[in-house]
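Participant: Before we start, here is the structure in question, set down as structure tokens.
Rule-based calculations on the coordinates, nothing more; no lab input. The structure presented is a predicted model; accordingly, all values stated were derived computationally and were not measured. Virtual Cβ from ideal backbone geometry, glycine too; neighbours counted across all protein chains shown.
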Amino acid sequence: MNTELPYILAISFQKGIGDVIGKKIITHFGSAKKAWRSKPEELLKIKRIGKVLSNDFGSDKYLHLAYKEIEYCDKNNINIISFFDTNYPNNLKECYDCPLVIYTKGNLDFNSSNKKKIAIVGTRKMTNYGKNFINELIDNLSDFDISIISGLAYGCDIESHAVALKNNISTWAVMGTNLDKIYPSTHKKIANEMLVNGGWLTEQPSFKLTTPEAFLQRNRIIAGLSDAIVVVESAFKGGSLVTAKFANDYNREVFALPGKTIDPLNEGCNFLIKTQQAYLIENSKDIINYFNFDINRKSNQLDLFIEFSEEENSIVNLLRIDGKQHIDIISYKLDLKSYELMPILLDLELKQVISTLPGKFYALK
């Protein structure tokens, strides 16, 4: 066991110490163990440390609680990661108010240099408009090295996790509860599926009672972990706009899906766009362009073995970037007559590269 860990946990449990001051104390002494054993007069040299806190600092009750938490986490396959560990998320570490300690479960690849972390947040009262957008977005990003981050809540959150799982994309749930309680409980099945290629993360220790404030605070973690945040359907007030505010504070790019001005569920997104707190997003192409993804990398493993004609390659690239398309749109964009297009589409379908969908739509398999 990391000999520093019990002392880091004890400091994180200490009343009156938040994440910012906790990190400051440990940095000042160069060690959590040294800080814990320091004298009150030494603590008072640190800015924002008062006499009441300094006299209570180092109490055995917090250290005992720390050892109990370590034992609990070991038994339940929960990882404890401190700000000072090398596997602490690099993105999150950039944020001044990031948690001193996080608890994780599953397979979370935080610091892959190539993987892009995309957070998707939005209303719990998701409409078909929001659902279709989330499906289009994630489906068309499935060929790229990404993780999808959300909060496991009803509506846009759980839809994002579910679509990511369907596409075998790593997906992370940032929770406002501790890791022994899945909230809402109806999402337990999906949450468990996430542990194979993704997982859960929280700043709440096992003994901490759930509070409404914890769900708002977890939004800063969603924002901090991410390279970009997409807001899908949000009222003027709500957690999604809180996440967007954190994201702007952390210098993360924010995208918002526009909607009807008369619809309350679109007021938040429209406000973010209007006040230049977010870029307008129409479809997955905006994210692909933003990250400058290599669109020629792959769309399907069959591409490695199939030679395409010039026209076939144009269709494949169009569907790769823009997602499923109606035959008339394909015809217009590629300047091909319908009678010229039909046999090419049929050949691609026979090669098992594309699928014909209801309503004369086509998409890559």
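Participant: Counting Lys and Arg as +1 and Asp and Glu as -1, each charge on the Cβ, what is the dipole of the chain about the Cα centre in debye, to the nearest 20?
Facilitator: About 1760 debye.
Participant: Let me ask you something else. Which shape class, rounded, prolate or oblate, goes with segment 1-118 when its Cα gyration tensor gives a ≥ b ≥ c as root eigenvalues, a/c under 1.5 marks rounded, and past that a/b bigger than b/c marks prolate?
Facilitator: Oblate, since a/c reaches 1.5 and b/c is not below a/b.
Participant: May I ask for the Kirkwood hydrodynamic radius of segment 103-220, worked out over all distinct Cα pairs and given in angstroms to one decimal?
Facilitator: 14.3
Participant: Considering the options Gln217, Asn132, Leu63, tell which one lies farthest towards the positive end of the dipole of the chain, charges being +1 on Lys and Arg and -1 on Asp and Glu at the Cβ, about the Cα centre.
Facilitator: So the residue we want is Leu63.
Participant: Determine, for each peptide in 326-333, 233-240, 313-320, the mean count of other beta carbons within 10 angstrom over its residues, then list the peptides with the highest first.
Facilitator: 233-240, 313-320, 326-333
Participant: Using a simple spin-label model with points 7 Å from Cα along the Cα→Cβ vector, what separation in nm is obtained for Lys51 and Arg37?
Facilitator: About 2.8 nm separates the two model spin labels.
Participant: How big is the Cα convex hull of segment 204-346 in projection, averaged over all directions, in nm²?
Facilitator: Result: a mean projected hull area of 13.0 nm².
Participant: Give the residue list of trypsin sites (Lys or Arg not before Pro) in segment 3-39 that are DSSP loop and have at most 10 other beta-carbon atoms within 10 angstrom.
Facilitator: Sites meeting the loop and neighbour criteria: Lys15.
Participant: My understanding is that a pair violates if its Cα-Cα distance is over 22 Å; which of Lys23/Lys51; Lys131/Lys285; Lys34/Lys61; Lys245/Lys285 do that in this structure?
Facilitator: Lys245/Lys285
Participant: Can you tell me which of 134-146, 104-116 comes out highest on packing, and rank the rest after it, using the mean Cβ neighbours within 10 Å?
Facilitator: Put in order of decreasing packing, that is 134-146, 104-116.
Participant: Continuing with the same structure: If you take every DSSP beta bridge whose two residues both sit in the chain, what share of them, in percent to the nearest 5, is antiparallel?
Facilitator: Beta bridges within the chain, antiparallel portion: roughly 40 percent.
Participant: I've got another one for you. Would you mind computing Rg(Cα) / (2.2 N^0.38 Å) for segment 139-297, counting N as its residues?
Facilitator: The reported ratio for this selection is 1.04.
Participant: Right, another one. Rule-of-thumb check for the chain: C-alpha Rg over 2.2 N^0.38 Å?
Facilitator: Relative to the rule-of-thumb radius for its length, the chain sits at 1.16.
Participant: Hey, another quick one. What shape does segment 21-65 have by the C-alpha gyration tensor, where a ≥ b ≥ c are the square roots of the eigenvalues, rounded means a/c under 1.5, and otherwise prolate means a/b greater than b/c and oblate the rest?
Facilitator: Note, shape of segment 21-65 comes out oblate.
Participant: Cross-link partners among lysines for Lys351, C-alpha distance below 17 Å, same-chain residues fewer than 8 apart left out?
Facilitator: Lys298, Lys365
Participant: Which whole-number percent is the relative contact order of the chain (Cα, under 8 Å, 6+ apart)?
Facilitator: 12
Participant: Here's something else I'd like to know. For segment 1-106, with only Lys/Arg (+1) and Asp/Glu (-1) charged at the beta-carbon, what is the dipole magnitude about the Cα centre, in debye rounded to 20?
Facilitator: That gives segment 1-106 a dipole magnitude of about 320 debye.
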